[in-house]
Amino acid sequence: HPLGDDFEGLRDYVPEWYGLEALRTAVAAYHPDVLHDFVVHGSAEEIVASLEPYVDAGMTHAVLVNLSPLAGLEYVEPAREVVREVAKLLRA
């Protein structure tokens, strides 16, 4: 992880612990592909398809969280529509 081998994600992120240069270095070292295995994303159909193995294993509830504000406010409304469509598809 760009913030160190012992970094455990948001649980360990306290902004006051990092200087501006450390954060710039971490951002430069970050590659978005690391999120593909940890954050469900894509079209509504792709998201539902990615949840199917969990449903097959017995999952009965999915908690959908719209993380798009972390990418930028311009992504909020389009992502909200995808989340609504995912919820409709999961109910079907």
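Observations on the model:
- Relative contact order of the chain, pairs being alpha-carbon contacts under 8 Å that are 6 or more residues apart, as %: 26 percent
- Between Asp33 and Leu89, the simple spin-label model (points 7 angstrom out along Cα→Cβ) gives 2.5 nm.
- ³J(HN,Hα) computed for each position of segment 75-92 - Karplus, 6.51 cos²θ - 1.76 cosθ + 1.60, integer Hz, glycine/proline x: 8, 4, 5, x, 5, 4, 5, 5, 4, 4, 5, 4, 4, 4, 5, 5, 6, 5
- The string of couplings for segment 27-35 from the Karplus curve (6.51, -1.76, 1.60, θ = phi - 60°) is 5, 5, 8, 6, 10, x, 4, 5, 6 Hz, one whole number per residue in order, with x for Gly and Pro.
- Proportion of all alpha-carbon pairs of the chain beyond 22 Å (%): 43 percent
No lab work stands behind these numbers, since they all come straight from the coordinates. Because the structure is a prediction, the values reported are computed rather than measured. Counting neighbours? That spans all protein chains shown, and the Cβs are built from the backbone with ideal geometry, glycine included.
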